[in-house]
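Written below as structure tokens is the structure these notes are about.
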Amino acid sequence: MLDIKEKLSTSKKRMTLFFKKYKEVISSSVLLAVGLIAEFVLALSGYIYLPLYILSYLVVGGPVWVKAFKSIAKGTIFSEFLLMGIATVGAFAIGEYAEGVAVMLFYMIGEHVQHGAVHRAKHSIRELINQQPDIATVERSGSTEEVHPSEVAMKEIIQVKPGEKVPLDGLLLTDKASFNTAALTGESKPMSRESGEEVWAGSINQDTPVRIRVTSDFQDTKLSSILEMVQEASQRKAPTQRFIARFAAVYTPIVVWLAVALTFMPYLLVENYIFQDWFYRALIFLVVSCPCGLVISIPLGYFGGIGAASQNGILLKGSDFLDQLRKMDTLFVDKTGTLTKGNFEVQDINSLNGFSKDELLTLAASLEQQSTHPVAKAILSATNGQILKTVHDQQEVSGKGVKGIVDQQEIVVGNRGFLLQHGIQLDENSFAEPHTFIHVAVDRTHAGTISIADQIKPDSKQAVAKLKEQGIGQIAMLSGDNQRVVDYIASELGLDEAYGDLLPDEKYRRVERALASSGTVGFVGDGINDAPVITLADVGLAMGGIGSDATIETADVVIQTDQPSKIPLAVDIAHFTHRIVWQNIVIALGIKVGIMALAVMGYASMWAAIFADVGVALIAIGNAVRVQHRFSDSTFSEMMTSTEIESSTDDQEAQPCCDSCSV
């Protein structure tokens, strides 16, 4: 019984919200229907039905005229609102009362649909923004207190109960826990974390109370960065959007003057000129010419692309990067952390010249203990926490190796080229596998070699194959790892080319040369040394889960899940969005131009004009919404319900997307 009452209460609330939101349209529709019955069914006097038409018109037309005058006051004379106002008042002037009301009524219905479509397009972005927690439980002075996350300092300890959102980035202090990171990565699979591992703000604690040591300020969390990127993306327009906005600003005043010419010019050109006939044709011309459907459906298509991408863990920093992804024909990829897992492990240690394996590992780990490189982490992990030696006069060469003084001995740790550069002769070793080799020398004597291996990500091969299907003409690997390892990975994945033993500046120069000779060049990486190349490329992509902050900051596209298969998905979204946008342009302009021509010749009625304006807008909007549905699991009904409820509580008036658009 209680469930039935709750359902009835919910239904009543939704009905109230519906009538509140659409009261003008509903009232005007009822008055128009009564007026039509009075005029055409009951054949009553004009004194009866004319007031009904006028009242019906004022209900929906009044707000439009208010907006028209506000637009004129701001310096924009030829707006969407003025076009509709002139056309409908003109219809009343020549006695076409029902048609005048119908034009304004359907225009308002179209505006509501457009407004709802924009809300649905931003639905995933709103969902993301809602993930930002506003309360943090922090441990202070032997007790806990609830504060806003912005009031928590770094290194303080916070507590998060099961089901709560993590308010700040930090390191897990609890032994083990599981987190839902769907809002950040687009993946529904829970992410397990152990003590000492990083936990992101916006993640939902799954099963056990946890303690976390804060490592970033509120404004610097991964979630805050994501929100900033997505919000900036919604403001950054693609070339097609910018063109259509400029086109509409020029197009609108032109059609107004053409309508004026269509009214009066025939007086000089035809024998039996009848002002009322040509004025009616001009009114139809004005209604058809409104560019609103075209103008809103294009940014809506791009919004859909950005929203669909963010729901799949792909963050685009602007709709223009959808166009860049679509045009990309050359792609350079980093190896470690991009195509491979970046979880290196020591496979074997080959000690030489009287040194033991333990000595070799301790010396290498002592020099690498300050490094964050995956190879260094693998060496440190292999020591199992043993006490390391103190290093003096340490010097590091990025991408090559490190040297220093340990116990008054010169230690050099690095790749083959780094040791040869220091005049150290390497002994032949027995490692035949395609592993990464870190050589260790003591006082210019080769002490041995540590073999380290990485694993290819499960979806890397699938991603490369899909990218080739999509028309990426060249996919090449650029890596600082040794050439043998790079060649092995490249052959396993089916890459076109692979270059190893590269320093960051050498990666930069290779991409720079490609930019001079290729079309649109992309680069995918994750390390801080990749940041310059990502900035240089036409479209820079970063692995956002394990990527450095500098790399993510400079990237145009961020893959939150670190899955290579998301790259072809992003390209798919870009291609589909482009198709939708151009379908809308062709459909809208084609129908409008056709009915304009018919209006000039006298073969189109005001009802045809209504279809060419509102009908075309609805077709274009419906087509644009397909972007979201193709790449999203959300159903239309779920989004529509949330949109109605959110829209009803939003007191702010929607701002026009351009001078000639009402949404």
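In this simple spin-label approximation, Asp496 and Thr215 carry label points 7 Å from Cα along the Cα→Cβ vector, and these lie 3.8 nm apart.
Rounded to 0.05, the FRET efficiency of the Ile135 and Ser195 pair, given R0 = 22 Å and the Cβ-Cβ distance, is 0.35.
With θ taken as phi - 60° and the Karplus curve 6.51 cos²θ - 1.76 cosθ + 1.60 applied, the whole-hertz 3J(HN,Hα) list for segment 410-416 is 7, 10, 10, 10, x, 7, 4 Hz, x standing for glycine and proline.
Let's test the formula: R0 of 45 Å, r as the Cβ-Cβ distance of Glu145 and Leu503. What FRET efficiency results, to the nearest 0.05?
On the way: r = 50 Å, r/R0 = 1.11.
For Glu145 and Leu503, the calculated efficiency is 0.35.
Using the average count of surrounding beta-carbon atoms within 10 Å as a protection proxy, the listed peptides 596-607, 572-583 rank, highest first, as 572-583, 596-607.
Amide H contacts of Thr208: Ser178, each under 5 Å away and 5 or more positions distant or on a separate chain (H built 1.01 Å from N in the peptide plane; Pro and chain starts excluded). Here the label points at Leu50 and Arg14, each 7 Å from Cα along the C-beta direction, are separated by 4.5 nm in the simple model. Once you have a ≥ b ≥ c as the square roots of the Cα gyration tensor eigenvalues for segment 340-418, tell me rounded if a/c is under 1.5, and otherwise prolate or oblate according to whether a/b is larger than b/c. Since a/c stays below 1.5, the shape of segment 340-418 is classed as rounded.
Of the peptides 476-488, 323-335, 455-467, the ranking by mean beta-carbon count within 10 Å, highest at the top, reads 323-335, 476-488, 455-467.
Annotation: extensible slack from Gln462 through Asn350 equals 36.8 nm (criterion: 0.36 nm per residue apart, minus Cα-Cα distance). Were the residues from Asp443 through Met601 laid out at 0.36 nm apart, the gain over their Cα-Cα distance would be 47.4 nm. Fully extending the segment from Lys21 to His112 would add 31.8 nm, taking 0.36 nm per residue of separation and subtracting the current Cα-Cα distance. For segment 337-342, putting each phi into the Karplus relation 6.51 cos²θ - 1.76 cosθ + 1.60 with θ = phi - 60° gives couplings of x, 10, 9, 10, 5, x Hz, in residue order, rounded to whole numbers and with x for Gly and Pro.
Each label point was placed 7 Å from the Cα along the Cα-to-Cβ direction; for Ile157 and Ser178 their separation is 2.5 nm. Cross-linked pairs Lys400/Lys507; Lys176/Lys461; Lys327/Lys468: Cα-Cα separations exceed 22 Å for Lys176/Lys461. Amide hydrogen proximity for Leu502: with H placed 1.01 Å from N in the peptide plane, the residues at 5 or more positions away or on another chain lying under 5 Å are Ser479, Gly480, Asp481.
Rounded if a/c is under 1.5, else prolate if a/b beats b/c, else oblate: with a ≥ b ≥ c from the C-alpha gyration tensor eigenvalues square-rooted, which is segment 279-372?
prolate
The string of couplings for segment 581-597 from the Karplus curve (6.51, -1.76, 1.60, θ = phi - 60°) is 4, 6, 4, 5, 4, 5, 4, 5, 5, x, 5, 4, 4, x, 6, 4, 5 Hz, one whole number per residue in order, with x for Gly and Pro. Here, segment 411-536 has an Rg and a Dmax of 16.8, 53 Å when only alpha carbons are counted.
Most tightly packed first, judged by the mean number of other beta-carbon atoms within 10 Å of their residues, the peptides 343-350, 619-626 read 619-626, 343-350.
All of the numbers you see were taken from the coordinates with simple rules; none came from a lab. Note that the coordinates shown come from a computational prediction; the quantities given were computed from them, not determined experimentally. Neighbour counts are summed over all protein chains in view; Cβ atoms, including those assigned to glycine, are modelled from backbone coordinates with ideal geometry.
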